[in-house]
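The values are calculated or read from the model by the stated rules, or taken from the named source; none is laboratory data. Values in this document were obtained by computation on a predicted structure and should not be read as measured data. Cβ placement follows ideal geometry from the backbone for every residue including glycine, while neighbour counts extend to all protein chains displayed.
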Amino acid sequence: MSLTHEWLGLTPYQEALQLQLELSANLRASKNIHILGLEHPTVVTLGRRAKIEEELPLGALALQQRQIECINTDRGGQATLHSPGQLVIYPLVPLTSYGWGVRQFVNILEESLISSFASFGIESYQREGDPGIYTDQGKIAFCGLRVDRGVTRHGLSVNISNDLHLFELIRPCGVSHRPMNSALRQEKNFSTQDFFEVWVREFQDRAF
């Protein structure tokens, strides 16, 4: 088993998706894990269950006026918004090599988030039947995966210092008017890369 992680900084969504496809193809039938940490320029992504007329309460025109790209993707879930200041984590993991089911893997990802938030002084928790991580002030992290021939793609997004007002453009994860929170709103000052490095350590502790 080997675990590699790398920080990519601000990376266009389609470029990161292509990199995931290339890396995941090399991970099949192995026990190697590759984790990408990055931010995306502002973009709306629609999961396989998303219906565009339901997911964009202000309409597609509102995105066009702001020059925000809207991309259909093959992950689970519905609408998600990424923007600078939001950490995106893509763990590329051959689940079958470890005997992990999807639910078990999601739990490892989310427990690693909770512990990472705690290390920065933020209390957070899971909600049964609702992927993602919450605080008393609102949702602070999201989870959406795709498993292709046993290897995961896509993953987590974590609100660190991103503009939360942008979430008004979508129905996040299929829920309207959901309160959002971020590390910045919690008056915590750290970078997306700082959180990524802590999360990788927490993930390693739980996975192995």
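Put simply, of Phe167, Phe195 the only residue that is more than 16 Å from Tyr90 (Cβ to Cβ) and among the aromatic types (Phe, Trp, Tyr) is Phe167. Within the range 57-65, one or more residues are buried (at least 19 other Cβ atoms within 10 Å of the Cβ) and modelled with pLDDT under 95. Scanning the range 123-160 for residues that are buried (at least 19 other Cβ atoms within 10 Å of the Cβ), in contact (Cβ under 8 Å) with a residue 60 or more places away in the chain and over 14 Å from the mean Cα position of the chain (by Cα) yields a single hit, Val151.
If you go through the range 9-56 and pick out every residue that is more than 22 Å from Ser191 (Cβ to Cβ) and of a type outside the set (A, V, I, L, M, F, W, C), you end up with 18.
Let's see how each residue does on (1) within 23 Å of Thr73 (Cβ to Cβ); (2) modelled with pLDDT under 95:
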| position | (1), (2) |
| --- | --- |
| Ile108 | yes, no |
| Glu111 | no, no |
| Phe117 | no, no |
| Gln126 | no, no |
| Tyr134 | no, no |
| Ala141 | yes, no |
| Arg146 | yes, yes |
| Gly150 | yes, yes |
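Summed over the range 17-34, the residues that are outside any helix (DSSP H, G or I) and touching a Leu at 6+ places or on another chain (Cβ under 7 Å) give a count of 2. Of all residues in the range 124-173, those satisfying the criterion of being of a type in the set (Gly, Ala, Ser) and closer than 19 Å to Leu113 by Cα are Ser124, Gly129, Gly132, Gly138, Ala141, Gly144, Gly155, Ser157, Ser161.
On the stretch given as the range 99-111, residues that are loosely packed, with under 15 Cβ neighbours inside 10 Å, in contact with a helix residue (DSSP H, G or I) (Cβ under 8 Å, 6 or more places away or on another chain) and in a helix (DSSP H, G or I) total 1.
Select from the range 112-121 the residues that are buried (at least 21 other Cβ atoms within 10 Å of the Cβ) and more than 14 Å from the chain's Cα centre (by Cα) and write down the one among them that is farthest from Val200 (Cα to Cα). Let's see the steps before the verdict.
If we filter the range 112-121 for residues that are buried (at least 21 other Cβ atoms within 10 Å of the Cβ), which is where we start, we get 112-113, 116-117.
With more than 14 Å from the chain's Cα centre (by Cα) added as a condition, the list becomes 116-117.
Details: Ser116: 9, Phe117: 13 Å.
Looking at residues that are buried (at least 21 other Cβ atoms within 10 Å of the Cβ) and more than 14 Å from the chain's Cα centre (by Cα), I get Phe117.
Hey, among Leu109, Leu169, Leu145, which residue is hydrophobic (A, V, I, L, M, F, W, C) and farther than 26 Å from Leu19 by Cα?
One residue alone meets the criteria, Leu169.
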